[in-house]
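Colleague: First the structure, which I've put down as structure tokens, then a few questions once you've had a look.
The values are calculated or read from the model by the stated rules, or taken from the named source; none is laboratory data. Keep in mind that what you see is a predicted model, and the values were worked out from it rather than measured. Here the Cβ positions follow ideal geometry from the backbone for every residue, glycine too, while neighbour counts run over all protein chains shown.
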Amino acid sequence: MSKELPAQGRLRADLVIEYPFTRTTGPVVGAFMTGLRDRRIVGSRRADGWVFVPAAEVDPDTGNPLSEIVDVASVGVVETWTWVDPPRPGSPWDDPHGLALVRLDGANTPMLHGVLVDSVADMATGMRVEAVWREERVGHITDLLGFVPEGTGTGQPDRTEKSAVADPVRSIRTPIRLEYDFIPSAAAQEYLRAYAEKRILGNRSPVDGAVFVPPRGVDPRSGVETTEMVELPHAGHIGNFCVTHLPIPGRSDLPTPYVSAWIHLDGADIGFLGLVSGCENDEVRIGMRVQAVWKADEELGATAENILYWEPSGEPDVPVEQAGNRAWLGEGMSDA
Amino acid sequence: MGSLGEHTAVLGVGQTKYQSTRGDVSIAGLVREAALRALEDASCTWADIDAVVIGKAPDFFEGLMMPELFLADALGCVGKPILRVHTAGSVGGSTALVATSLIQGRIHQRVLTLGFEKQSESNATWALSLPQPFSVSINAGAGGYFSPIIRRYMARSGAPDLIGCMVAYKDRRHALLNPYAHLHQPDLTFDQVVDAPMLWDPIRFSETCPSSDGACAMVLGDETAGDAAGGPVAWVHGTAMRSEANNFPGRDEVSPQASRDCAAEVFAKAGIVDPRTEIDVAEIYVPFSWYEPMWLESLGFAERDEGWRMVEDGSTGIDGGGLPVNCSGGVLSSNPIGASGMIRFAEAALQVRGMAGEHQVDGAQKAFGHAYGGGAQYFAMWVVGANKP
């Protein structure tokens, strides 16, 4: 992820979240996907002869299951359409194209797919089209490249042997990618900029003076806006911690096991998570005093990543019963 | 009991066999399987259902958004109202309560409610560890969040170190009595639980929940529908939901205020003064073993710092003669996250209907169902009884 630190204006960063999810198809959608791999388009037929394409698992009118799989033609008619120019990133198509509801001969419902023509002038409701196929097919909707005007493609495809029985498609990959323009809140902007100057800022609540770090611009207990910034020392204590034996996604630099801890800075009323290092894991304890270990000055940026980890400061521990969120030994449960 | 509104009955329950991968069905097929079983149990058809309320885990958990759109036809819901509820891990419980409220408010006579998840299609630990720009990425999954809270409970209660292992072993033994449970480990020994590797110290691998595929559904009905049912129904005696922020000064993470308030409300509505003696069986959301004693205290089944003694003396076991907890095997034995809360609610209903099979608590009259989610921020609870309140 890239970050920008403008001289003026807001901090921002690209945030991309993506994951290759899978979808189990089940037998009916699986038959449709298996058909595509074989250059066939199949639907599911209701008792009255109505054919759903793509094959549907359930009759939307009655809720009854649909299990009879039938072939339909690879040619059909455009029922309605739009023109896509330019295609969005991640689209199966690089060039401008039609996007149409195509009702194939033998089907009672239309399916959505691309119509691959040169210009919007070549599109028309009612136009006849035929399927064109990818050479390498895997059992996915993109095995079907799209539709072209009937007679301009390769004609009826030479159907390959049906493989459905031997090796049906059972799941498909459905990668999802979300791109965010990540803009920290106003309070966080100030907090992050201070990091570049090796300072840690918090917010003080106008209600009772409680100090929040990181600052959120609001007291979570009351919803009251917090605007007063206070600077905090680079030392505090461990309120609580976890020794994690699992690698963190995206942190291959971090050997396991490692200690993550709730760091309670002196003068702050809530903690935040930080990495603890500079001692053996089994020396870490609730109440241990720690201090920040910063990146080299020339590497500082407007980010909480400036603090590499927290190390023991050697000062006497905070008593366990006063460590961290002190409610845990206080009035917390007296009224339960 | 005016605050309950219309009397609500659980007419039917349907569950799928929880397992690591249901490679044979789509999500639509999975939810339908649970829904059809609930309809059959309730002696209903799709036509008897007025509305559907569904819940699932957060979208990143399985990369699935707007299930209410794409599952409507699989749930016989075309032309009817369908709602989706979203409260992180507690969603199964709050989904059941939103459905209940549609009966209590006399909006509908029969509502189908359902929770589901196919963890095999995704990775929840990944989804819970998403890095944020400008921040240090050091959290790995839910265990990383809950481990420090468990450590805090251990420190303040003085509980022996192996209490968590005792809970895990007990729930895995219970699971052997439940044909729907994911983990069936008949040869598991207590020593194996203890010797399992640490994942998020002090949480061992054996003290965590599995990743499951599964769905759970219930058909809820109004008083007329409950009275007309041919078989036993479970009557709703009390419902409550609460939430709170996850980090504020004075927060008691071990026993959040929202948890205590939610318990107080649900038991008051159900007319229960001493839950420890008046509740016959409890299904409590325990994704990490130590949460059993922690919630026993927070919910009022035990005094503060004393919940672990109920574990230690065996009184939360199905044969313990005390308060049986998670006779189904609990979340520790089956965890399709989006369904896990509803399973707790449904198992409570099965107990008071006398239909829990081998894990039935004899003569259970009142049962408690519980779910929590987020950073122990969202709570949903109900009390159901064999008799009308």
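Colleague: What are the pairs, 6+ residues apart or on separate chains, where a residue within region A:167-179 that is more than 11 Å from chain B (Cβ to nearest Cβ) has its Cβ under 7 Å from a residue that is part of a loop (DSSP other than H, G, I, E, B)?
Modeller: As it stands, the answer is A:Val169/A:Thr25; A:Val169/A:Gly139, since those pairs meet every condition given.
Colleague: Tell me, which residue of region B:227-252 that is more than 23 Å from the chain's Cα centre (by Cα) and not in a loop (DSSP other than H, G, I, E, B) is nearest to the other protein chains (Cβ to nearest Cβ)?
Modeller: B:Ala228
Colleague: Would you mind finding the one in B:Ala168, B:Ala175 that is hydrophobic (A, V, I, L, M, F, W, C), surrounded by 23 or more Cβ atoms within 10 Å (Cβ to Cβ) and closer than 30 Å to B:Pro67 by Cβ?
Modeller: That would be B:Ala175, the only listed residue that is hydrophobic (A, V, I, L, M, F, W, C), surrounded by 23 or more Cβ atoms within 10 Å (Cβ to Cβ) and closer than 30 Å to B:Pro67 by Cβ.
A quick yes/no check of all residues on (1) within 14 Å of chain B (Cβ to nearest Cβ); (2) β-branched (Val, Ile, Thr):
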| position | (1), (2) |
| --- | --- |
| A:Tyr19 | yes, no |
| A:Thr22 | yes, yes |
| A:Arg39 | no, no |
| A:Val58 | yes, yes |
| A:Pro65 | yes, no |
| A:Glu68 | no, no |
| A:Thr80 | no, yes |
| A:Pro87 | no, no |
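Colleague: Name the residue, out of B:Leu36, B:Leu112, that is part of a strand (DSSP E or B), farther than 28 Å from B:Gly141 by Cα and not aromatic (Phe, Trp, Tyr).
Modeller: Among B:Leu36, B:Leu112, only B:Leu112 is part of a strand (DSSP E or B), farther than 28 Å from B:Gly141 by Cα and not aromatic (Phe, Trp, Tyr).
Colleague: State the number of residues belonging to region A:273-326 that are aliphatic (A, V, I, L, M), away from chain B (no Cβ under 11 Å) and in contact (Cβ under 8 Å) with a residue 24 or more places away in the chain.
Modeller: Number satisfying all stated conditions: 5.
Colleague: From the residues in region B:149-177 that are part of a helix (DSSP H, G or I) and touching a His at 6+ places or on another chain (Cβ under 9 Å), which one is nearest to B:Gln360 (Cα to Cα)?
Modeller: B:His174
Colleague: Sort through A:Ala261, A:Ala268 and tell me the only one that's crowded, with 16+ Cβ neighbours inside 10 Å, closer than 30 Å to B:Arg260 by Cα and within 32 Å of the chain's Cα centre (by Cα).
Modeller: Just one listed residue meets the conditions, A:Ala261.
Colleague: All but one of (1) within 13 Å of chain A (Cβ to nearest Cβ); (2) closer than 27 Å to B:Ala240 by Cβ; (3) in contact (Cβ under 8 Å) with a residue 12 or more places away in the chain hold for B:Ala88; state the number of the condition that does not hold.
Modeller: All conditions are met except number (1).
Colleague: Related question: Tell me which of these A:Phe52 doesn't satisfy, since it passes every other one: (1) closer than 30 Å to B:Phe61 by Cα; (2) within 11 Å of chain B (Cβ to nearest Cβ); (3) of a type outside the set (Gly, Ala, Ser); (4) buried (at least 18 other Cβ atoms within 10 Å of the Cβ).
Modeller: (1) is the only condition that A:Phe52 fails.
Colleague: Could you count how many residues in region B:56-74 are in contact with a helix residue (DSSP H, G or I) (Cβ under 6 Å, 6 or more places away or on another chain), closer than 14 Å to B:His86 by Cβ and touching a residue at least 24 places away in the same chain (Cβ under 8 Å)?
Modeller: Residues that pass the stated criteria total 5.
Colleague: Among the residues of region A:218-233, write down those that are more than 7 Å from every other protein chain (Cβ to nearest Cβ), surrounded by fewer than 18 Cβ atoms within 10 Å (Cβ to Cβ) and in a loop (DSSP other than H, G, I, E, B).
Modeller: Of everything in region A:218-233, those that are more than 7 Å from every other protein chain (Cβ to nearest Cβ), surrounded by fewer than 18 Cβ atoms within 10 Å (Cβ to Cβ) and in a loop (DSSP other than H, G, I, E, B) turn out to be A:Ser222, A:Gly223, A:Val224, A:Thr227, A:Pro233.
Colleague: Sticking with this structure for a sec: Which ones in region B:178-195 are in a loop (DSSP other than H, G, I, E, B) and surrounded by 17 or more Cβ atoms within 10 Å (Cβ to Cβ)?
Modeller: The answer is B:Asn178, B:Tyr180, B:Ala181, B:His182, B:Leu183, B:Leu188.
Colleague: For residues that are within 20 Å of A:Glu280 (Cβ to Cβ) and in contact with a Pro (Cβ under 8 Å, 6 or more places away or on another chain), scanning just region A:240-252, find the one that is surrounded by the most Cβ atoms within 10 Å (Cβ to Cβ).
Modeller: So the residue we want is A:Cys242.
Colleague: Follow-up question, since we're still on this one. Can you run down the residue pairs with Cβ atoms below 6 Å, 6 or more apart or on separate chains, where the first is in region B:132-143 and within 14 Å of A:Asn306 (Cβ to Cβ) and the partner is of a type in the set (S, T, N, Q) and part of a loop (DSSP other than H, G, I, E, B)?
Modeller: These pairs meet every condition: B:Phe134/A:Thr303.
Colleague: Could you grab the pairs with beta carbons closer than 8 Å, sequence gap of 6+ or different chains, first residue in region A:90-112 and under 19 Å from A:Gly76 (Cβ atoms), second one crowded, with 16+ Cβ neighbours inside 10 Å and of a type in the set (S, T, N, Q)?
Modeller: Correct list of pairs: A:Arg103/A:Thr109; A:Leu104/A:Ser74.
Colleague: Another question, then. Considering only residues that are buried (at least 16 other Cβ atoms within 10 Å of the Cβ) and not in a helix (DSSP H, G or I), which ones fall in region B:259-282?
Modeller: If the condition is that a residue be buried (at least 16 other Cβ atoms within 10 Å of the Cβ) and not in a helix (DSSP H, G or I), then B:Ala270, B:Ile272, B:Ile279, B:Asp280, B:Val281, B:Ala282 are the ones that fit.
Colleague: From (1) surrounded by 20 or more Cβ atoms within 10 Å (Cβ to Cβ); (2) closer than 25 Å to B:Cys44 by Cα; (3) touching a Gly at 6+ places or on another chain (Cβ under 8 Å), pick out the condition that doesn't hold for B:Thr100.
Modeller: (3)
Colleague: Which is at pLDDT below 95 and surrounded by fewer than 24 Cβ atoms within 10 Å (Cβ to Cβ), of B:Gly357, B:Gly385, B:Gly375, B:Gly363?
Modeller: B:Gly375
Colleague: On to the next question. For region A:250-266, indicate whether the set of residues that are within 10 Å of another protein chain (Cβ to nearest Cβ), in contact (Cβ under 8 Å) with a residue 40 or more places away in the chain, small (Gly, Ala, Ser) and closer than 14 Å to A:Gly202 by Cβ is non-empty.
Modeller: No, region A:250-266 has no match at all.
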